[in-house]
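Below is one structure, written out as structure tokens, with a few remarks after it.
The values are calculated or read from the model by the stated rules, or taken from the named source; none is laboratory data. These figures come from a predicted structure and were not determined experimentally. Glycine gets a Cβ as well: all are built from the backbone with ideal geometry, and neighbour counts include every protein chain shown. For accessibility, only protein heavy atoms count, side chains too; no ligands or nucleic acids. Shrake-Rupley method; radii C 1.70, N 1.55, O 1.52, S 1.80 Å.
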Amino acid sequence: MREDKNSKTSQKQNEKGQLQKKPWFWPAVYAGGALMLAGMLFGYNSLVSKVEEAPLPDLAEVDPGPVVETNARAETMKYPFKEANLSKVQVLQEFYEVEANAEARENALMVFNQTFTTSSGISLAMNGEEFEVLAALSGKVLEVKLDAFTGNKIVIEHADGKQTHYSSVKDIAVKEGDEVTQGQVLGKATDNEWNQAAGVHLHFEVLENGKYVNPKKSLAF
């Protein structure tokens, strides 16, 4: 049995050796390998072509989701009056700051019926003349409070969370809920009974995070 197996194995090896000696054997092997490689490359290119030819989604049909309104343009606070009149403006009363010197603190006190009140903003005047009051920043009108005694007041909320308050205003040109742009006319400065000593003036206040801050830190007077 072993001799038969060895004989068969030897015969197969002889046939293989003779086959390899044929002049057409190795070219046929190389040609077959080349055909296999070409087939693989063709299949890969076909797959890539299908991926590249896949249709792109129609952007018009894509749901963008909810639109959130934002104030994309960052604004720098401007004067609540025409900047051309800056040279005419006087700061009648300062913002009260505990750290300020005695003269500044005294200038930030308002008196009514012999009662002193600290100023939470600055009072601006132009030689006792009326002047247009402008929005210092773009925003939304939260409140319009009509009070001839203390002076009509406009409250505007801004995109950065600040609020600006404009008091002692007449001929008010906005109402609650209005969207205003920076520099828009809100009304005219006037006088009031509560602060008669100031005459015609605008009392301007700025709030950050719900706290009054000195407007002069954002405006150069």
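Among the residues of the range 162-183, those that are open to solvent by 60 Å² or more (accessible area, probe 1.4 Å), assigned to a loop (DSSP other than H, G, I, E, B), farther than 18 Å from LEU207 by Cβ and touching a residue at least 24 places away in the same chain (Cβ under 8 Å) comprise LYS175, THR181. Taken over the range 184-212, the criterion of being free of Cβ contacts under 8 Å to residues at least 40 places away in the same chain and under 25 Å from the mean Cα position of the chain (by Cα) is satisfied by GLY210, LYS211.
Tell me which strands (runs of 3 or more DSSP E) are completely within the range 97-154 and hold 1 or more residues being of a type in the set (Gly, Ala, Ser), more than 17 Å from GLU176 (Cβ to Cβ) and touching a residue at least 12 places away in the same chain (Cβ under 8 Å), or say none if there are none.
Numbers: elements: 109-112, 115-118, 122-125, 132-134, 139-145.
Strands (runs of 3 or more DSSP E) meeting the threshold: 122-125.
Residue check: is ASN152 farther than 17 Å from ALA108 by Cβ and at pLDDT below 95? Outline the logic, then answer.
Working: farther than 17 Å from ALA108 by Cβ: yes; at pLDDT below 95: no.
Criteria not met by ASN152.
The residue that is surrounded by the fewest Cβ atoms within 10 Å (Cβ to Cβ), counting only those in the range 109-136 that are farther than 16 Å from HIS165 by Cβ and aliphatic (A, V, I, L, M), is VAL111. Within the range 73-81, one or more residues are modelled with pLDDT of 65 or more and exposed (fewer than 10 other Cβ atoms within 10 Å of the Cβ). So is ALA159 open to solvent by 70 Å² or more (accessible area, probe 1.4 Å), more than 23 Å from GLU83 (Cβ to Cβ), in contact (Cβ under 8 Å) with a residue 12 or more places away in the chain and among the hydrophobic types (A, V, I, L, M, F, W, C) or not? Against the criterion (open to solvent by 70 Å² or more (accessible area, probe 1.4 Å), more than 23 Å from GLU83 (Cβ to Cβ), in contact (Cβ under 8 Å) with a residue 12 or more places away in the chain and among the hydrophobic types (A, V, I, L, M, F, W, C)), ALA159 does not qualify.
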